[in-house]
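Before any comments, here is the structure.
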Amino acid sequence: MPGSSLTRLLSVLLATALGIAGQAVANPSGEPVADQMFSGGPIVTMDAARPAAEAVAVRDGKILAVGSLARMKALVGPATEQIDLAGRTLVPGFIDGHSHFSMAVNAATWANLSGAPVGEVGNIAELVAELGAQAERNNAKPGDWVVGYGYDADTLADGRQLTRDDLDAAFPDNPVIAIHVSFHGAVLNSRAFAAVGYDENTPTPEGGIIVRREGSTEPLGLVMETAWFPAAEAIPRPQGEARFDNLRKAQAMYAAQGLTTAQEGATSMEDFSLYKEAARRGELVIDLVALGSFQEVPAFIAERDAYADYSGRLKLGGIKIVGDGSPQGKTAFFTKPYLTGGPGGEEQWRGEPIVDQDAMDELIETVYAAGMRAFVHANADAEIDVLLNAHKKHAALAGEDSRTVIIHSQFMRPDQLEAYARYGMVPSFFSNHAFYWGDVHVQNLGENRAHFLSPMKTATDLGIHFTNHSDYIVTPLDPLFTLWSAVNRVSRSGRVIGPKERITPEQALKAITLDGAWQYHEEDSKGSITVGKLADLVVLDANPLTVDPMAIRDIRVLATYKEGRRIFPAEG
């Protein structure tokens, strides 16, 4: 976009924040006076009753009026901020279908080991070098942990997995963890294995994978799923006031992407305590929906009543159950085998459940009976069957409008989508996979299964409310890219992954606005620019409904408002 246009818009935004933009006029009509009035560009409301408008008036953090510019001028008073969009587009605030907010808080000192376009690591030598550079940035001493994220063997030129040997040579005195891009596993060096207590005598836990050195039982480096949990727990977290500094930075990152409601997708009680303190201190500037970990269900049930609705912008949305693994890590649980074997060379490998049928039955019964909602991670059809079986048994406990959320719902069957429709379930899809791993999925699963990835068009035809997400830190936090991937479904190589499942830009925008609100039972207060709803708004440099679909990912967020307050660029 031309620099002069951007400069003009930012100048107007700054001027209005100071109360000096526009010509304030008297309001003799006796109607309420608006605190703000937006006009001068396309306004996409996502309200079926009024899809577009010339102007929007805001008062006390809520939408006061939507309509013609002449109508809005009657609501302008001497103190009203008149915000000229300068031809840019106003849309509802983006609502996070699923991400891991805690990663933005905890990962500030981690190395980015991702391949292009997320990072710059192209081979194992570059990966080790990036870990070394991060260790220097952290001023790491012997014994200090060195952590990186985004490791993906499929993007490395070496054609093999990273091993402990690669890491030991460079880090003989530090425990090192290279977290797999799925966040369902990692490669550890010898110091890290010792710190976690893993050696050649460690049995592989149920639902886990420990890749062993050929001809021995010594762990070679890669651990996945339940075998990864102890390593994840061992990673040091920020302490003291640094936690709040990182939390402020994390919120700024979400706000810069137009997100006004964020999700913490698997919350420990330790992290939830941090968020409670932040809420008490007034530190939260965006709404945060936390999902309590299924490993600490009783503790989160005890918090249910206090955080059933927002308190200081913090809400306990429900319980997160991790049912299976990841398809790119080849640990998602399928009814039919992967075509390329398992992560450790296993033959006829279908993946395996983290939560099997008996455990799922018990968890779903406990969660529903406590009056809480279930958010279940289920990537592949065998694990989705496990969830559907459990839900069917205990549906009466869930109530008539439970809106159980199935996070990812990536590789499912048409009959399972039909069950979602019957039960009123909400799939939170992950269309970014089409770009980042679409080519890998075709190789691992075959074209038929791979092309039914995140089947949004079929879900739309069935009348299902669905959301879409980044799963940050798995893929970058970028709602416009997520929207682009749902519309185009183009892979890294340029291949369209499931052309029949592409949806329109408007449908894709609905998934991160109005249906995002639906997922959280908040459609009466969020998700569209409608009178009475919160003034959660985003200014974009182009209209995602009218640009070339392939250009959607190039659209940039220029400003984000939470309940009428500009939080990006930050005021003050």
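The values are calculated or read from the model by the stated rules, or taken from the named source; none is laboratory data. All values derive from a computational prediction rather than experimental measurement. For neighbour counting, all protein chains shown are included, and Cβ atoms are generated from backbone atoms with ideal geometry for every residue, glycine included.
Brief remarks follow.
- Criterion (among the small types (Gly, Ala, Ser) and at pLDDT 95 or above) met by exactly one of ALA21, ALA70, ALA26, ALA48: ALA48
- Selection status of ASP84, surrounded by fewer than 21 Cβ atoms within 10 Å (Cβ to Cβ), acidic (Asp, Glu), touching a Gly at 6+ places or on another chain (Cβ under 8 Å) and on the phi > 0 side of the Ramachandran plot: no
- Filtering the range 163-190 to residues that are closer than 30 Å to PRO476 by Cβ and not aliphatic (A, V, I, L, M) leaves THR163, ARG164, ASP166, PHE171, ASN174, PRO175, HIS180, SER182, PHE183, HIS184, GLY185, ASN189.
- Pair list, Cβ < 7 Å and 6+ apart or interchain, from the range 62-82 residues that are in contact (Cβ under 8 Å) with a residue 40 or more places away in the chain to residues that are in a helix (DSSP H, G or I): ALA65/ARG71; ALA65/MET72; GLU81/THR16; GLN82/THR16
- For the range 137-184, the tally of residues that are at negative phi, outside any strand (DSSP E or B) and touching a residue at least 60 places away in the same chain (Cβ under 8 Å) stands at 8.
- Just one of (1) at pLDDT 95 or above; (2) farther than 17 Å from TRP228 by Cβ; (3) assigned by TED's automatic domain parsing to the domain that holds ASN448 fails for ALA308. It is (3).
- Residue in the range 52-60 that is β-branched (Val, Ile, Thr), under 13 Å from VAL539 (Cβ atoms), modelled with pLDDT under 95 and not in a loop (DSSP other than H, G, I, E, B) present: no
- Applying the set (1) touching a residue at least 60 places away in the same chain (Cβ under 8 Å); (2) over 30 Å from TYR275 (Cα atoms); (3) touching a Leu at 6+ places or on another chain (Cβ under 9 Å) to ARG243 leaves exactly one unmet item: (2).
- Members of the range 410-425 that are in contact (Cβ under 8 Å) with a residue 40 or more places away in the chain, buried (at least 24 other Cβ atoms within 10 Å of the Cβ) and in contact with a Ser or Thr (Cβ under 7 Å, 6 or more places away or on another chain): GLN410
- Residue check for GLY97: buried (at least 23 other Cβ atoms within 10 Å of the Cβ), without any contact (Cβ under 8 Å) to a residue 60 or more places away in the chain and outside any strand (DSSP E or B): no
Results for (1) modelled with pLDDT under 95; (2) under 25 Å from LEU477 (Cβ atoms); (3) touching a Cys at 6+ places or on another chain (Cβ under 9 Å), shown as yes or no for each residue.
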| position | (1), (2), (3) |
| --- | --- |
| VAL118 | yes, yes, no |
| VAL121 | no, yes, no |
| LEU127 | no, yes, no |
| ALA133 | no, yes, no |
| ALA140 | no, no, no |
| VAL146 | no, yes, no |
| TYR149 | no, yes, no |
| ASP158 | no, no, no |
